[in-house]
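The values are calculated or read from the model by the stated rules, or taken from the named source; none is laboratory data. Model, not experiment: these values are computed from the prediction. All Cβ positions, even for glycine, are placed from backbone atoms using ideal geometry, and neighbour counts span all protein chains on display. Side chains included, ligands, DNA and RNA excluded: accessible areas come from the protein's heavy atoms. Shrake-Rupley method; radii C 1.70, N 1.55, O 1.52, S 1.80 Å.
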Amino acid sequence: MWGRTGGGSLCAAGSFFGEVSRSGPPKYVFEGMSHHRQTSPLLKARARELRQHSTAAELRLWRYLRRHNLGAKFRRQVPLGGYIVDFLSFHPKIVIEVDGGQHAESLVDRDRDSYFRRRGFIVLRFWNSDVMANLEGILETIARTLAEGPE
C-alpha cells in the first residue's frame, strides 16, 4: 500500500502489490544476493555507470544517507539478485528506490519489489520530485522504517 510521509511524499511500505509470479531477474546475470563473485561483469559495469550518472534526486538523498547516521549503513547503485537497486542496507535489509514518473504503475517495478520482499527486504519507493521538495519527510520515513525494523 502507498503511504504518505509527513510532508505529502509517497513511499512504498509493506506488501502493497502482493506477490507476483514471474520468471525472476534477467537471465544474463548469476543468481545471488550479496557476493560480488556471483554478480555478472555486465551488471557490475552497469551499476558503476549508474553511480557515475546519478539523478539529482539520487545524489541529494545519497549525500544525506552517507553523511548522517540513521542507524544503518547504505550503499548506492548496488547489484542485488540480478537487479540494481538505488540504495541498499543489508542490516537491516532495506532497499530504497528513487524513481521518475516513468515508473508509475510499472509492472516491472512490482516484480522487482516482490522479488526483494520474498527475500526479506523492506522496499521503500520515493518519487524524484518528492526527494527534491520534501527531503525531510523522506528521511523521517526512512528513520521510522529503520526504527520499526522488519514487519
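Exactly one residue out of 113, 86 is buried (at least 22 other Cβ atoms within 10 Å of the Cβ) and either in contact with an Asp or Glu (Cβ under 6 Å, 6 or more places away or on another chain) or basic (Lys, Arg) (or both): that is 86.
Scanning region 69-83 for residues that are open to solvent by less than 50 Å² (accessible area, probe 1.4 Å) and either modelled with pLDDT of 90 or more or within 23 Å of residue 114 (Cα to Cα) (or both) yields 72, 74, 77, 78, 79, 80, 81, 82, 83.
Taken together, the criteria exclude residue 66 from residues that are under 14 Å from the mean Cα position of the chain (by Cα), open to solvent by 40 Å² or more (accessible area, probe 1.4 Å) and over 16 Å from residue 134 (Cβ atoms).
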